[in-house]
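Asker: Have a look at this one.
Computed from the coordinates by the stated procedures, all read-outs in this text should not be read as laboratory data. From a predicted model like this one, the values you see are computed outputs, not experimental measurements. No Cβ is skipped: glycine too gets one built from the backbone with ideal geometry, and neighbour counts run over all protein chains shown.
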Amino acid sequence: MTARPLRLLVTFLAVALVALRKSDSLLNPQFWAEDGGLFFIEAERYGGWGLLFRPYAGYLLFIPRLIAAFGAWIPLLHVPAFYAWSALAITGGVAWWLQSPRLSLPGGAFAAIALAAVPHTGEVYLTLCNVQWITALGLFALVLADDAKTPATRFGELALLAAVGLTGPFILLTLPLFIWRTWSRRSPWSFVLLGTALACAAAHIPSLLARVPDVTATPWAPFHHAAIIGRRVVVTLFFGTTPFPEFLCATLALGTFAGLTFILWRRRAIMPPALIVLAFALLVLAATGYKERPDTWTLSELNNGDRYFFIPKILLLWLLAALAVTSRPRLRPVFFALLILPLISNAPRFLFPPAIDQHWRASCELIARGQPVHVPILPEGSSFIHPGRRHLAP
């Protein structure tokens, strides 16, 4: 059981690592993609409170729209900073929750550190549009948690489930896991959580059905898909940017997940929820892979869509940490070495480079004067149009 002081220390370390790795987002805050072109401008135009349940891309985004609604009360210049610091606070909250002593899988402290230190491109950190990839881990942790005992804890869990369940499509992926939780425990609280999860999932259905499918998607190529997973998850974690041929990448992917399945099945009595963690990682890879068609990506491409591999990498490291904690003494060094290897292999990419300044202050001055502005934002080349505040409807 994790002691509270250690839990606080690990949470602080996770927040500090995110702030260190992407310090430019806090020192020179700028809008990223939908943060400006969707959440900010729609909150400006229509008022944020009426948009809390407005879908986008086929699902709801309650938490980003809630932050944008509060951001409408922030001075214009400081809105990007408010978004970034809000995302950092959410990351700290999830890091705290992953260490809960009520979670039945050991290694939560390692999972919290992995949340902040995992090798990736950094697009997930400190942005509203990608905060759903952070909160999804908190949603999944709720599946693993023991039943809440006090009214305050139960209220907090329901609030967490409702807010995160209405943010992104991950409630649809975790719904089978909530069903498993209810079936395996048969406790009244499990039924309450399942009912809430069903309601959140149902709230996404109309917008998902209304979404026009991407007719340009290429046919699914299973071997290449496996190779992309091997490259973007296994190779990136343990070998950095080292180029590997497609056959080896696919072999690493299939071998890693098959080997983990075998090991975790043999240790299911010691770590009962470990197979559920692995199942969720595979669900995320399958669902996001189907949506984004990684078959169209090349093995040399590491930046585009890296958010789709963020959760599986953290869950893989969490499983390795759980194995390290529960293994025999002679095997522990092997698993701990595997946990340290990602930091060594990716040390040159640990800190994210500063983004190109899009001069938000200059845009603010024009917006405040009531002039229409073509606002440049990140990633470079993106923008949105602000009509000027005098032209906004009251």
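Asker: Kindly state, to the nearest 0.05, the FRET efficiency for L331 paired with R154, given R0 = 35 Å and r defined as their beta-carbon distance. Provide the component values of the computation, followed by the final result.
Answerer: Numbers: r = 39 Å, r/R0 = 1.11.
Plugging the Cβ-Cβ distance into 1/(1 + (r/R0)^6) gives 0.35.
Asker: Provide, in order from the shortest bin, the percent of all Cα-Cα pairs of the range 220-349 in each 10 Å bin, continuing until the bin that contains the maximum pair distance.
Answerer: For the range 220-349, the pair-distance distribution reads 12, 43, 34, 10, 0.
Asker: How far apart, in nanometres, would the label points at A368 and L8 be if each is projected 7 angstrom from Cα along the Cα-to-Cβ direction?
Answerer: 3.9
Asker: Let me ask something else about it. Go through the range 166-171 residue by residue and turn each phi into a ³J(HN,Hα) via Karplus (6.51, -1.76, 1.60, θ = phi - 60°); whole Hz please, and just put x for glycine and proline.
Answerer: 9, 10, x, x, 5, 4
Asker: A follow-up question, please. With only Lys, Arg, Asp and Glu charged, each at its Cβ (+1 for the first two, -1 for the last two), find how big the charge dipole of the chain is about the Cα centre; round to the nearest 20 debye. Show your work: numbers first, answer last.
Answerer: Details: 31 positive and 18 negative charges, 258 e Å.
Approximately 1240 debye in magnitude.
Asker: While we're here: Find out how many positive minus negative residues lie around S382, taking Lys and Arg as positive, Asp and Glu as negative, among other residues whose Cβ is under 11 Å from that of S382. Could you put the intermediate results ahead of the total?
Answerer: Working: positive: none; negative: E34, D35, E380.
Once all neighbours under 11 Å are counted, the net charge is -3.
Asker: May I ask for the angle, rounded to the nearest 10°, between helix 274-292 and the longest principal axis of the chain, with both axes built from Cα atoms and the value confined to 0 to 90°?
Answerer: 40
Asker: Still on this structure, please answer the following. For the range 184-202 and the range 351-393, write down the distance between their C-alpha centroids in whole Å.
Answerer: Here the answer is 43 Å between Cα centres.
Asker: Under the 0.36 nm per residue contour assumption, what length would be gained going from the current alpha-carbon distance of N28 and N304 to full extension? Mind showing how you got there, number by number?
Answerer: Numbers: separation 276, 0.36 × 276 = 99.36 nm, distance 2.33 nm.
Between N28 and N304, full extension yields an extra 97.0 nm.
Asker: For L275 and D357, calculate 0.36 nm times their separation in residues minus their Cα-Cα distance, and state this gained length in nm to one decimal.
Answerer: Numbers: separation 82, 0.36 × 82 = 29.52 nm, distance 4.45 nm.
Taking 0.36 nm per residue and subtracting the Cα distance, the gain is 25.1 nm.
Asker: Please determine, in degrees from 0 to 90 and to the nearest 10, the orientation of helix 246-266 with respect to the longest principal axis defined by the Cα atoms of the chain, where the helix direction is its Cα long axis.
Answerer: That works out to roughly 60 degrees.
Asker: Using a basic spin-label model with each label point 7 Å from the Cα along Cα→Cβ, how many nm lie between W73 and F239?
Answerer: My value for the distance between the label points is 5.3 nm.
Asker: Could I ask something else about it? Using the alpha-carbon centroid of each, what span in Å lies between the range 214-266 and the range 296-339?
Answerer: 12
Asker: Take the chain, mark every one of the GluC sites (Glu not before Pro) that falls in a DSSP loop and has at most 14 other Cβ within 10 Å, then report the longest stretch left between them, sites excluded. Can you show the working numbers first?
Answerer: Values: sites that count: E301, E380.
Longest site-free region, per DSSP loop and neighbour criteria: 1-300.
Asker: Estimate the FRET efficiency between T296 and T261 by the formula 1/(1 + (r/R0)^6), using the beta-carbon distance for r and 22 Å for R0, to the nearest 0.05.
Answerer: Working: r = 28 Å, r/R0 = 1.27.
Once rounded, the FRET efficiency stands at 0.20.
Asker: Further, regarding this structure: Determine, from the Cβ-Cβ distance of E246 and A202 and an R0 of 35 Å, the FRET efficiency 1/(1 + (r/R0)^6), rounded to the nearest 0.05. Walk me through the numbers on the way to the answer.
Answerer: Working: r = 41 Å, r/R0 = 1.16.
Result of the calculation: an efficiency of 0.30.
Asker: Could you tell me the distance between the Cα centroids of the range 29-79 and the range 94-159, to the nearest Å?
Answerer: 23
Asker: Please determine, in degrees from 0 to 90 and to the nearest 10, the orientation of helix 310-326 with respect to the longest principal axis defined by the Cα atoms of the chain, where the helix direction is its Cα long axis.
Answerer: Helix 310-326 and the main axis of the chain meet at about 30 degrees.
Asker: Using the Cα atoms of the chain, I'd like the radius of gyration and the largest Cα-Cα distance, Dmax, both in angstrom.
Answerer: Reported Rg and Dmax, both Å: 21.3, 70.
Asker: Among L173, L323, P245, which residue has its Cα positioned farthest towards the positive end of the charge dipole of the chain, with +1 placed on the Cβ of Lys and Arg, -1 on the Cβ of Asp and Glu, and the dipole taken about the Cα centre?
Answerer: The residue sitting most towards the positive pole is L323.
Asker: Rank by packing, highest mean first: peptides 191-197, 50-56, with packing defined as the count of other Cβ atoms within 10 Å averaged across residues.
Answerer: Details: 191-197: 18.0, 50-56: 15.1.
Highest-to-lowest ranking by the protection proxy: 191-197, 50-56.
Asker: In square nanometres, what is the average projected area of the Cα convex hull of the range 68-183?
Answerer: Values: hull surface 33.4 nm².
In nm², the orientation-averaged hull projection of the range 68-183 is 8.3.
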